């Protein structure tokens, strides 16, 4: 609804200006699932006696569900089950809408729904005057019908209870608004890296050089901090030759240090190949571990989890073992042990390298294969994975030396 000031009552109206406001009525909804287990044992407790759910919060008030197995009113002679939703906290004239749903446990979806929401336009919300006020049904369901229905299964009843508390508020137009742009520190620092302004350190990586800023590197990496400003560090050094890291990988790492964003690997490599992307991220993870960039390491782990394939899983698994990436290792082991993947992975060059570089992983893989092979069906033949498991064991002797593997 809208209200407008009288023109003669306000000087602004004389200038043709009209003030505006709006009242908004809305519901704050919440639901609670209440289960009555052992329904038959609750019978006979007497009319007017109830079982109550735990309280649940909706719209700033506490609520509870009351179930009367023998009915709320003695005059009904225990012919009906009564169900109510009650206000369980202090409140005065709380206006709300309600819905009680008795769940069909046969899987047919024929739930019994009593909804006040559908009748809101006819009668409006129900008003609860005080703590303990209730809305519901004295004759929610005839007991004899309930006990032979699909709503009762394994001596258990399940109900969904929904409450919509009505609230009203007044909205007035904001006189002034200021648009604030999102943070762009990463973009600013990325620009600083690209321009080289104020750089005080040069990295020589292969046949490429990269200019950077020691203070920014030290703030982001504990390794660089110790190298430049630690007890045995040298704050005056102006050049570092980096070995065992490829230029594109070092460039990607610098991009992350300045922007806090995982770089677009396809853009850096100029390739859309998944294998190229995986290889790049694998090397970036190793660099992140080397320089103590834990978040970058996790970002690389997540990316490798998304890109795991039969061709790359062995090299990724070896990488995870080498750099203590427990979750990534687990993902690779489970992928490899899957029946549809195991035979293919065993034939890859990456797996042959894995046998030589990380023989301990074969024991971990065999343990996972054993779990996958533990089929609860007694009539299922269990020779495929078991034989592969024996082949894995034959691949390494007790001293860790490579042996001829039978396939």
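The values are calculated or read from the model by the stated rules, or taken from the named source; none is laboratory data. What you are looking at is a predicted structure, and each value in this text was computed from that prediction instead of being measured. Because the Cβ atoms are built from the backbone with ideal geometry, glycine has one as well, and the counts that use them run over all protein chains shown.
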> If you take the residues in the range 72-86 that are out of contact with any strand residue (DSSP E or B) (no Cβ under 9 Å at 6 or more places or on another chain) and in a loop (DSSP other than H, G, I, E, B), which one is surrounded by the most Cβ atoms within 10 Å (Cβ to Cβ)?
Replying inline: 78
>> Show me the helices (runs of 4 or more DSSP H) entirely contained within the range 133-248 in which 1 or more residues are outside the structural domain of residue 59 (by TED's automatic domain parsing) and touching a helix residue (DSSP H, G or I) at 6+ places or on another chain (Cβ under 9 Å).
In response: 185-195, 214-220, 222-229
> Would you pick out the residues in the range 27-57 that are out of contact with any strand residue (DSSP E or B) (no Cβ under 6 Å at 6 or more places or on another chain) and either under 21 Å from residue 126 (Cα atoms) or not assigned by TED's automatic domain parsing to the domain that holds residue 160 (or both)?
Replying inline: 57
> Mind checking which residues of the range 46-57 are part of a loop (DSSP other than H, G, I, E, B) and surrounded by 14 or more Cβ atoms within 10 Å (Cβ to Cβ)?
Replying inline: 47, 50, 53, 55
> For the range 58-71, which residues satisfy the criterion of being closer than 20 Å to residue 147 by Cβ and either outside the structural domain of residue 162 (by TED's automatic domain parsing) or part of a loop (DSSP other than H, G, I, E, B) (or both)?
Replying inline: 69, 70, 71
> Here is a list of conditions, (1) surrounded by fewer than 18 Cβ atoms within 10 Å (Cβ to Cβ); (2) touching a strand residue (DSSP E or B) at 6+ places or on another chain (Cβ under 6 Å); (3) in contact (Cβ under 8 Å) with a residue 40 or more places away in the chain, and residue 241 meets all of them except one; can you say which number that is?
Replying inline: (3)
> Looking at the range 103-120, which of its residues are farther than 17 Å from residue 30 by Cα and either under 32 Å from the mean Cα position of the chain (by Cα) or not in a helix (DSSP H, G or I) (or both)?
Replying inline: 103, 104, 105, 106, 107, 108, 109, 110, 111, 112
